[in-house]
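Contents: one structure, followed by commentary.
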């Protein structure tokens, strides 16, 4: 039987894994809004009061009763009696009656009785305390109504939203200077392999430094997790099981990156199986790189075995670890991809890239500005040049701007074709 | 004269501002690589040794001398003498002579004399210490050569690169556990306006809470800066000049967000002019929102006056503050946009959006999955629905996924047209 019939496609594999998680994570913590950038709301946030709380002018001009300006034009101005100036940051001490107006600045509070503002440019000061209005304004013109931004009690930010600068500002406008966010997702990282040593060590001949724990820790940080480092476990099943069990009890997710030899990959599966039910869900995925990836779930937590080679480990970190973090954070996931939307660009390929039908390929690419330039429109803007290289070479990825996906049903992508590049 | 002939287009305004900066920032600091995600390299990084440092197998199999396998096939295997097993993480204690092979695991070190590896699946164990080789391998097959990832002395990461998970991994592979990064760009934030109070305060009637200092602080953090808060200055030119001068001496960039009234906007320009030469470079930009934006340079540092309304301030923060930070960090900037590439998606507009010729518009949009779906290709994937609303409403931006740019030479974008949406 051809291999692609026995291995699970990545989208199915991911969906199966996500379906076994106890998500979203229930633990939240109260933090200062000023430090909340990138954090995820743990509950719906309601407006404690309307915004704005008083009617505000959007221009510099004169606050008026709209009907007093009806019919006003350059040739036939309306004449209004100037009764005062609205102080910035204060409440007007007067109210507006028929035939009256008041000087007001952008952001100023409309006096009682006023319904609109005429822009300064459409007025003239004729005599002291008399203003010529050269244009009619409708009720509400140049005014922000009470509650026009948000009404009192309105849900302003839903649960499961990753906070950006705009949301931080919105919270501050409402005086919400602290809020409940989902606690960072704790991801335990275990490296295995007799040949692996810590990066700070000088490897002997035959040894290599641990790369995967650190690329994955950075990935976890980037997606809103907290990496918990469990160091390097030698090729010993008892040690691996013990460390994995400890990580599972202390973390929300556990990642084991296998040593590069087949025996350590088998140990990873055995260790995952020992941690709890259902254990290993998927052993082998129809993708390149990343075929030996193992997905497991134990007691509602994801336990993932990633291949030892650095490119596979990181690419499959994007494909499987990031969506797990997103699901645990409670972010809404795209139905077709099983993950939150990823930043991407459209680019035209510089060469033909063949791919085996039935397998999903992820090819590191370099993005180059297209000679036809930006003006030709979005698609013409970038060229994507594949970086071929054995997937053991970490600097292949360091040179890449993004990953090109070749879907399982395609046998490749042709030169000149536009394709979506997921930015790394 | 029409206004668009007197106001500078945003791209020209930005280029003028950037040309006055002393960039990149010279100060660097030594940090641990494990904390370097998102930081920017302050110098070129060279490989202290080749990677890998020894020839490694990429498969599980038998290390061989290539010529010993020439002509081997299923029907005519080559018979090699098994002399040992390469230990993972160790140096082989033997060398390979004619007619010999050794068991080796993925990632194992090739013994002296071996030039290639035959995959396990292409061999059979015939008799004790004798292996049947069913396929010929060429020199270097299934092997990563010394220095194939990087050669000793090679520049692996240039100065001015923002570090991602892949670069962190590459550094660890080379044992570079600390590195020099550019110090965070210090951006001083000053709010002005008699009507503005701190978010933690209960505003009186006529007062509003400060939003801009916090949206901009988040923006600064996001792009690699460090926000330094100078609080709210009342509408008093002496106080504003004093605070701005202090901020300029302590920071790399100073941002003043004006109160909403015209008088405070004029004060911002006056304060910038007082700080040093050349002072105000641009007063008014042909963009919406953001026309009253002021760009200045004093003693090689950018001083930017942003409009008081929250949407203008944040959109123009993306357009002018972010590129300044990027330039100071030493990131390579795109020639046409003057900024580092921004994540974006292509989307089709749901409605016609008119725009005034000569003016660049930035319209907040919501992205919705297209009913034609992902399979139709990248462009069909998203619909962009503009969010219309007065630009004073901060929750307009909180609801937006991105900004649609309508260039100055366009009079709008039609429904169904594909456009590039800059993700917020």
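Read the figures in this text as sums done on the coordinates, not as results from a lab. The model shown is predicted, which means the values in this text are computed figures rather than measured ones. Here Cβ is always computed from backbone atoms with ideal geometry, including for glycine, and neighbour counts include all displayed protein chains.
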Any chance you could give the angle, 0 to 90 degrees and rounded to 10, that helix B:10-19 forms with the longest Cα principal axis of chain B? 70 degrees
Listed residues A:314, A:16, A:103, most fluctuating in chain A (Gaussian network, C-alpha, under 10 Å): A:103
Taking Cα atoms, the helix A:237-250 axis meets the longest principal axis of chain A at an angle in degrees (rounded to 10) of 20 degrees
Shortest-first nm distances, residue B:76 label point to equivalent points in other copies (7 Å, Cα→Cβ): 10.9
Mind listing the label-point distances from residue B:6 to the same position on all other copies, shortest first, one decimal in nm, points 7 Å along Cα→Cβ? 7.8
Among A:44, A:361, B:266, what is the fewest-to-most ranking by other Cβ atoms within 10 Å? A:44, B:266, A:361
Using the Cα gyration tensor of chain B, with a ≥ b ≥ c the square roots of its eigenvalues, what is the shape: rounded (a/c below 1.5), prolate (a/b larger than b/c) or oblate (neither)? prolate
Other chains near A:106-115: what is the mean number of their Cβ atoms within 10 Å of each residue's Cβ? 4
Mind checking which chain B residue has its Cβ closest to the axis relating B to A, and how many whole Å off it is? B:343, 2
Is it possible to state the helix-based mean residue ellipticity at 222 nm for chain A, with each DSSP H run of 4+ residues giving -39500 (n - 2.57), the sum divided by total residues, to the nearest 500 deg cm²/dmol? What is it? -5500 deg cm²/dmol
Other copies of residue B:178: label-to-label distances in nm, shortest first, labels 7 Å along the beta-carbon direction: 3.8
Which order do the peptides B:335-344, B:46-55, A:296-305 come out in when sorted by mean C-beta neighbours inside 10 angstrom, highest first? A:296-305, B:46-55, B:335-344
If one computes the Cα centroid of the range B:182-227 and of the range A:7-80, what distance in Å separates the two points? 17 Å
Please report B:185, B:157, A:255 as a ranked list, fewest other C-beta atoms within 10 angstrom at the top and most at the bottom. B:157, B:185, A:255
Rounded to a whole number, the mean other protein chain Cβ count within 10 angstrom for residues of A:193-199 is 6
Within 10 Å of each Cβ in B:337-344, how many Cβ atoms from other chains are there, averaged over the peptide? 3
Sequence of B:222, A:327 once ranked by neighbouring C-beta atoms within 10 Å, starting from the fewest: B:222, A:327
So how tilted is helix B:212-222 from the main axis of chain B? Cα-based, degrees 0 to 90, rounded to 10. 20 degrees
